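Novice: Let me give you the structure first, and then I'll get to my questions.
The values are calculated or read from the model by the stated rules, or taken from the named source; none is laboratory data. If you're wondering where the values come from, they're calculated on a predicted model, not measured in any experiment. Reconstructed Cβ throughout: ideal geometry from the backbone, glycine too, with neighbour counts over all protein chains shown. For accessibility, only protein heavy atoms count, side chains too; no ligands or nucleic acids. Shrake-Rupley method; radii C 1.70, N 1.55, O 1.52, S 1.80 Å.
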Amino acid sequence: MQGRVGPAAEVALITLACPVAGARAEIAASATLGLEQAEPLLDIARCRGFLRHLGLADALRIRLQADLPPGGGAGMSTASLVALARAAGAPEDRIAAACLAVEGATDPVMLPCPDAVLWAPRSARCLAGMPPPPAAEIVGGYWGPPCRTDPGDTAFPEIDDLVSAWATGPDLPEAARLAARSATRTTRSRGPKNDPTPAMARDLAALGWARAHTGPARALIFAPGQAPADAEDHLRRAGYTHILRFRTGGRA
């Protein structure tokens, strides 16, 4: 879920952790800064600025690879920066601030449990600890074109009530309903109006659905082992791409 919270109406989110998709970085010493990547995850200027914010030399040959394309709302650009920072030996306590400095809005993927916090992406800080989501099975993918996050975009619905309900530690059906309510509020205020995900959730008897609030990533939420075997086929026929099935949540 994502939206504005508190008296200052700060943009905040609770993320859905995906253990099967991420980013990797390999580095080697070089006379000049070089960058190899199959997808346009980062550029030379951003890499140079990022390394300098971390206090690291930029005489490196960098190779980046991500499992999903950037601009999907799945955190791949932040994950790429985190992978680069760790490959270069950056101190963990400086990574979030450095990501913010070059992105302007950052996902909490540098945290040990990114789905157990209420995160302020425009200030790269934890607003509160949160219960992690209950164990769930996710089938999802990308529906629609890439959409990079604009750090100046704060036009999100209020979600104070949803965050308060999540803080009580909801069971999976309630957690799925809360995620769907947040997704529905964003779709009503920001579009797209023809998103097939709510209907897909009903057709496949999902407990709920979730969406990236500034990108095409979508997720159907099921109890573990309850996602239909042909769910991916249904999503593919409806035009979803980069389809994944994974389990998440459930930590004590």
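Novice: If the viscosity is 1.002 mPa s and the temperature 20 °C, what translational diffusion coefficient in µm²/s does Stokes-Einstein give for the stretch 14-59 when Rh comes from Kirkwood over Cα pairs?
Specialist: 169
Novice: Same structure again: Assuming R0 = 30 Å, can you tell me the calculated FRET efficiency for the pair Ala223 and Glu36, based on Cβ-Cβ distance, to the nearest 0.05? Walk me through the numbers on the way to the answer.
Specialist: On the way: r = 42 Å, r/R0 = 1.39.
Approximately 0.10, to the nearest 0.05.
Novice: At 1.4 Å probe radius, can you tell me the per residue accessible area of the stretch 1-63 in Å²?
Specialist: 52
Novice: If you roll a 1.4 Å probe over the heavy atoms of the protein chains, what accessible area per residue do you get for the stretch 67-215, in Å²?
Specialist: 40
Novice: Right, another one. Give me the number: length gained by fully extending Ile243 to Ala199, i.e. 0.36 nm times residue separation minus the C-alpha to C-alpha distance, one decimal in nm.
Specialist: Once the chain is fully extended between Ile243 and Ala199, it gains 14.1 nm.
Novice: If a/c stays under 1.5 just call it rounded; otherwise compare a/b with b/c (prolate if a/b is bigger, oblate if not). Do that for the stretch 120-212, with a ≥ b ≥ c from the square roots of the Cα gyration tensor eigenvalues.
Specialist: Taking the square roots of the gyration eigenvalues as a ≥ b ≥ c, the stretch 120-212 is oblate.
Novice: Write down Rg/Rh for the stretch 39-126, rounded to two decimals, with Rg from the C-alpha atoms and Rh from the Kirkwood relation over Cα pairs.
Specialist: The Rg/Rh ratio comes out at 0.93.
Novice: When you count, for each residue, the other Cβ atoms within 10 Å and take the mean per peptide, how do 9-19, 79-89 rank with the highest first?
Specialist: 79-89, 9-19
Novice: Hey, another quick one. What does the charge count near Leu178 come to, summing +1 for each Lys or Arg and -1 for each Asp or Glu among other residues with Cβ under 12 Å from its Cβ?
Specialist: Around Leu178, the surrounding residues sum to 0.
Novice: On to the next question. How much of the accessible area of the chain, probe 1.4 Å, is carbon plus sulfur, in whole percent?
Specialist: Taking all protein chains in place, the chain shows 53 percent carbon and sulfur surface.
Novice: How high is the relative contact order of the stretch 1-62, in percent, counting Cα pairs under 8 Å that sit 6 or more residues apart?
Specialist: 33
Novice: At a 10 angstrom cut-off on C-beta neighbours, averaged per residue, how do the peptides 130-139, 199-208 rank from highest to lowest?
Specialist: 130-139, 199-208
Novice: Give me the extension gain from Arg24 to Arg4: residue separation times 0.36 nm, minus the current Cα-Cα distance, reported in nm with one decimal.
Specialist: 4.0 nm
Novice: When you take every Cα atom in the chain, what is the radius of gyration, and what is Dmax, the widest Cα pair distance, in Å?
Specialist: My reading of the Cα-based Rg and Dmax gives 18.1, 56 Å.
Novice: Could I ask something else about it? Around Pro216, what is the net charge, scoring Lys/Arg as +1 and Asp/Glu as -1 over all other residues with Cβ under 14 Å from its Cβ?
Specialist: Here the charged neighbours net out to +3.
Novice: Could you compute Rg(Cα) / (2.2 N^0.38 Å) for the stretch 187-252, with N its residue count? Working shown, then result.
Specialist: Values: Rg = 12.3 Å, N = 66, 2.2 N^0.38 = 10.8 Å.
Rg over 2.2 N^0.38 Å, computed on Cα atoms: 1.14.
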